[in-house]
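A quick write-up on the structure given underneath.
The values are calculated or read from the model by the stated rules, or taken from the named source; none is laboratory data. Not measured: the values here are computed from a predicted model. Every residue, glycine among them, receives a Cβ derived from its backbone with ideal geometry; neighbour counts consider all protein chains shown. SASA here: full protein model, heavy atoms, side chains in, ligands and nucleic acids out. Shrake-Rupley method; radii C 1.70, N 1.55, O 1.52, S 1.80 Å.
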Amino acid sequence: MPVVGQISREIQKPHLEILGGSKLAGEVKIGGAKNSALVLMTASLLTEEKITLNNIPNLTDVRGMQEILLAMGVNCEQKSDLLELHAKQILNSAPPYELVNGLRASFFCIGPLLGRLGQAKIPLPGGCRIGARPVSEHIKGLKALGAIVSVEHGVVKASVPGIDKRLKGASIVLDCPSVGATETILMAAVLAQGTTTIENAAQEPEVQDLAEMLNTMGARISGVGGTTITITGVKQLHGCTYTAIPDRIEAGTFLIAAAITRSTLRISSVIPGHLKAIIQKLRDCGCKIKTYETSITIAADEINSVDITTQPYPGFPTDLQAPFMALLTTAKGTSVVTEKIYENRMQHVPELQRMGASIRLQTNTAVIEGIPQLSAAPVSGGDLRSTAAIVLASMAAKGTSTVNGLNHLDRGYSGLEKKLNSVGGHIQRKD
Ligand code: EPZ
């Protein structure tokens, strides 16, 4: 029996078999952003008119969110990467526990439900392997807008007092630039009476994408992308057709795939401006990168060590810390990686060490001594981005690795192995 919390070693089904050592070449098309799609989907609750979303990726988390919205009475129809959502009426404001429990992003429903119905009952998302993931800032913001919020038996109950059950605009200062809290407050404030300001707001592109969509629906939001967002409440929102931004984390993952295999690759359907921090660090490592309007080319030969510290946007993204560390295990010299956003986002370290990486870990700081080549091994991913990291490491390792943890990987990457194989990878998914 594996020790509780330890990642199991036996080869599970499904898993990936990856023959490392091949170079990549060609072009990869990047899909829509998971961390945009999930929140844009919940915004459909804010109007009784139809919402059509384009560039929605085919991911387990997106399907999970559809199930939650369906359970609340929202009509959902996905046709390839187009998703139609129609919350003509919301049958219940308490999505089923078993659906919500598996998908933290379901907590995004609380803001729009309060804005639209004046009540919501959502299970506390709880922590996950990378950290406690509190929602205290979300709740602080909803209370500031006039909601009565209590947490009982792991369920967050919220309601809006008064005859009109309408939230009231407020000035809110976040303790930390939380992406989710900024998005929750945005969606609650758009239908509130009066003006709301959010200071110390998150600046991530996915927050900007949500604000853009809400304005397309008739909201009045300004300042998004900066640290202070202003929302002037309106009476109601109408439907819209909106295209989600490309997934900057998938894009960064493929740039790192090219770098770790010392390859030349083009990635298309991206917004280079969303990738400045990762592009800078790859250039600092010695990669040659050219950016175009909607594509990026990267050519990697020798990789030198660099230091990275994860920060809120526009700093280096925490979601690319694990994949980038995989790259640094074969860089020339010593690198220091410091994780500042989450308390436990180093689960890829023991897996990389099994592949021969020389890493010393002290709490959330890893010191990596580059080695010439990793060696293949049976490895397991413990969370979404750690699993992506060990897939990349296996692409560069000598021999054939088996990679467990596809339940994590499929949450955030749509057909990662298919895309890597299309540009020269040798990966088999064994179901
Ligand atoms: C979003 O999570 C993303 N998920 C995460 O992506 C991403 O890592 C994160 O933003 C940071 O960029 C989605 O958008 C669905 P936060 P979120 O609230 O909103 C602390 C991935 O791999 N915090 O900005 O939960 C929190 O503990 C996932 O795609 C509080 O202290 O992130 C964390 O340390 C992982 N109190 C930090 O802020 C709060 O009330 C960042 O959390 C809220 C957050």
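Odds and ends about this structure:
- Top-ranked residue of region 160-171 - restricted to ones that are open to solvent by 10 Å² or more (accessible area, probe 1.4 Å) and of a type in the set (A, V, I, L, M), ranked as modelled with the highest pLDDT: Ala170
- Pick from region 136-155, criterion at pLDDT below 95 and among the aliphatic types (A, V, I, L, M), ranking: farthest from Val39 (Cα to Cα): Val151
- Within region 172-200, the residues that satisfy the criterion of being more than 16 Å from the ligand (Cβ to nearest atom), within 26 Å of Asn35 (Cα to Cα) and either open to solvent by 10 Å² or more (accessible area, probe 1.4 Å) or of a type in the set (A, V, I, L, M, F, W, C) (or both) are Ala189, Val190, Leu191, Ala192, Thr197.
- Some residue of region 319-339 being farther than 17 Å from Ile249 by Cβ, without any contact (Cβ under 8 Å) to a residue 60 or more places away in the chain and in a loop (DSSP other than H, G, I, E, B): yes
- Scanning region 71-87 for residues that are open to solvent by less than 20 Å² (accessible area, probe 1.4 Å) and either assigned to a strand (DSSP E or B) or β-branched (Val, Ile, Thr) (or both) yields a count of 3.
- Total residues in region 130-147, condition surrounded by 15 or more Cβ atoms within 10 Å (Cβ to Cβ), free of Cβ contacts under 8 Å to residues at least 24 places away in the same chain and over 25 Å from Thr318 (Cβ atoms): 0
- Residue match in region 283-290 (condition: in contact with a Lys or Arg (Cβ under 6 Å, 6 or more places away or on another chain), part of a strand (DSSP E or B) and either among the small types (Gly, Ala, Ser) or free of Cβ contacts under 8 Å to residues at least 12 places away in the same chain (or both)): no
- Contact map, region 346-363: residues that are hydroxyl-bearing (Ser, Thr, Tyr) paired with residues that are assigned to a loop (DSSP other than H, G, I, E, B), Cβ distance under 8 Å, separation 6+ or inter-chain. Pairs shown: Ser358/Thr329; Ser358/Gly370; Ser358/Ile371.
- Residues that are near the ligand (Cβ under 8 Å from one of its atoms), open to solvent by 30 Å² or more (accessible area, probe 1.4 Å), under 25 Å from Thr318 (Cβ atoms) and of a type outside the set (A, V, I, L, M) are absent from region 117-127.
- Only one entry of Thr243, Thr227 meets the criterion of being within 24 Å of Lys88 (Cα to Cα), within 22 Å of the chain's Cα centre (by Cα), of a type outside the set (Lys, Arg) and surrounded by fewer than 21 Cβ atoms within 10 Å (Cβ to Cβ), and that entry is Thr243.
- Within the option set Val207, Val224, being away from the ligand (no atom under 13 Å from the Cβ) and either of a type in the set (Val, Ile, Thr) or in contact (Cβ under 8 Å) with a residue 24 or more places away in the chain (or both) holds for one residue only, Val224.
- Qualifying residue in region 336-350 (condition: assigned by TED's automatic domain parsing to the domain that holds Ala300, touching an Asp or Glu at 6+ places or on another chain (Cβ under 6 Å) and of a type in the set (Val, Ile, Thr)): yes
- Residues in region 208-224 that are in contact with a Gly (Cβ under 9 Å, 6 or more places away or on another chain) and open to solvent by 20 Å² or more (accessible area, probe 1.4 Å): Gln208, Arg220.
- Annotation note: Cβ proximity below 9 Å between a residue of region 148-162 that is in contact (Cβ under 8 Å) with a residue 40 or more places away in the chain and a residue that is of a type in the set (Ser, Thr, Tyr) and in a strand (DSSP E or B) (sequence gap 6+ or interchain) occurs for Val156/Ser150; Ala158/Ser150.
- Filtering Asn101, Asn58 for residues that are more than 21 Å from Ala33 (Cα to Cα), away from the ligand (no atom under 15 Å from the Cβ) and not assigned by TED's automatic domain parsing to the domain that holds Asn344 leaves a single hit, Asn101.
- Ala331 passes every criterion in (1) over 30 Å from Gly180 (Cα atoms); (2) open to solvent by 10 Å² or more (accessible area, probe 1.4 Å) apart from (2).
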